[in-house]
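Engineer: Dropping a structure here in structure tokens format, bear with me for questions.
The values are calculated or read from the model by the stated rules, or taken from the named source; none is laboratory data. None of these values were measured; they are calculated from a predicted model. Note that we place each Cβ from the backbone using ideal geometry, even for glycine, and neighbour counts take in every protein chain shown.
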Amino acid sequence: MKHLSGSEKRHLKKLAHKLKPLIHVGKNGVTSNLIATIDRALMDHELIKVKFLEYKSERRELSRAIAEKTGSELLQVVGNTVIFYRESSDSAMRQKLLKKKTLSPSRRRIQRSPRG
């Protein structure tokens, strides 16, 4: 997997802001079944949130382990919620989340000459 640039990460975090957590880490912790579920969710959605209901003190270490095992990028840990991204290998399923929209002409900054 290619490493994401800072602007790509910012863009993905912005998109993830409105998402709800798809997966919750509960009393069983990070099991092989949970890893498989996260892997499937990344395959289907590319960008997901995971919420830690238990194991909150170890969430950073567990998040790094999840990212390593699923081959995903750990974008951000906010409180007990973690954001993961992995580009789909299936070109038909790929959502092109990293493709940025161009600004409309009305939103572009207009260069004006200084007032004299």
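Engineer: For segment 102-116, check the following and say yes or no: at least one residue is of a type outside the set (S, T, N, Q), at pLDDT below 65 and closer than 19 Å to LYS13 by Cα.
Structural biologist: yes
Engineer: With of a type outside the set (Ser, Thr, Tyr), at negative phi and touching a residue at least 40 places away in the same chain (Cβ under 8 Å) as the only criterion, which of LEU34, LEU62, LEU75, LEU53 stands out?
Structural biologist: LEU75
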